[in-house]
Every structure is written in C-alpha cells, then in structure tokens.
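Engineer: The structure is given below, and queries will be raised subsequently.
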Amino acid sequence: MDKRPLLIGLLWDVGLPALVFYTCRSVDIAVLPALTAGGLAALVRVVCVAALRHRLDGLAAVVAGSFAVLLAVSALTGDPRILLARESIVSGALGLFLVGSCVVHRPVLYTLVRRAAAGDDARLAQWDQQWRTRPSLRRHVVLLSIVFGSVLLTESGARLLLIYLLPIDVVADWTMPLHFGAVALLICWALWWRTRRLRAVTADRPTTPEQSARPPAL
C-alpha cells in the first residue's frame, strides 16, 4: 500500500498550524492570537479537504470541534494555556483510542488502513480475508496500535505537564517541537518495523497462488 498520501496528509495536519503559529510569533504577535491563527489554519484545511472530497473525515471533525470548543473556553477565561493544551488533549485521546481499541474485535488502526484503500473492493476483500485467516497480521496491527497509542499518550502527558509548569511564552515555543519529535519518532519506527517485517515476509516466500495474492505488509 502506498503510504505517501497518508504521510503527506499528516505533514499538512501537523505542519500547517505550526508554520502559522511560528510566523505569527516571529512578528511579535501574542501567544493566544498566534495559537488561534494556527488553529484556524487547520480548520480551513479541514473544510477545504472536505469540500474537495465531498465528505468530512471523522477524525478531522473531532479535531476541528475540539479547537472550536477550547477556543471559546480560552477566550472566556483569557487563559491561552487552555488552547495550548488542545494538541495534547487530541493526541492523548487518539492514543487512548488506539490502545483501547485493541481489546475489541478490530483495532481502529486497521480501519484507518482500510480507508486508504477505499474504492478498491478487491483489495479490501483481500485485507478482510487475511485479517480472518492470518493471526500474524492481527498481532502486527495490535503491536502498531499499542506502540503508536503509548507514544501519543506519553507525549500528551509530558506536554500537559510542561504547559502547566512552565511560563506560557516558554512552553508555547517548546510544545510543538515536542509534538513534532513524537510524530517523527513514530514515523521512523513504523518505517523501520515495516522494512523488518517485509524482509521476514520475503524470506518466507509464498508457495501457492492463494498465498501469493496476499496484500502487501502494513
């Protein structure tokens, strides 16, 4: 499966708000307006993507909704820390969702991967067949979910601690790099693990047409 669209989308989702925020800060705009501008940029991207695809992504809708709610609370209280905590709340909730979904029949990560192949009915049927018949695939998805979820939960907790312990001007400049570092760590680990798994699959080459029809490794 081609992961480039997923990675490009992730870079846009993470990079655009940060670019807008740091641009505002470079011209001496206060923390709260800069955070607001970054969040609005992300919200505009969600709307544009939804308009182009003619559908609203569920995760994007949650992110946009959380921004709107926390922006209103932050404006009412005058505390920019509330808006600064938005990324941590979202990433922490996502991490908890990833880990928690491992106890159900199908982890949410598997559902997200299937969505990348939406429209390709043959490929989706292959994925579902392999999910039912290959315990190794299920273990692999569960492992990815636990690693991704645990890193997101750890990063979220660390950032929330920094937000409420450090001065706002200091923490505003350091929480986003911490988020970038966590995302980069996850991407590097996932690419390394996928390469290792592909080598293992290649070493155990299929011997029947049914086995050779397996979808590529995650």
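Engineer: Could you tell me which residue of region 1-47 is nearest to the chain's Cα centre (by Cα), considering only residues that are at pLDDT 75 or above and of a type in the set (K, R)?
Structural biologist: For region 1-47, the residue satisfying everything is R45.
Engineer: Still on this structure: Can you list the helices (runs of 4 or more DSSP H) lying wholly within region 84-201 that have 3 or more residues being under 30 Å from L43 (Cβ atoms)?
Structural biologist: 86-100, 108-116, 135-165
The values are calculated or read from the model by the stated rules, or taken from the named source; none is laboratory data. Everything numeric in this text was worked out from a predicted model, so none of it was measured. No Cβ is skipped: glycine too gets one built from the backbone with ideal geometry, and neighbour counts run over all protein chains shown.
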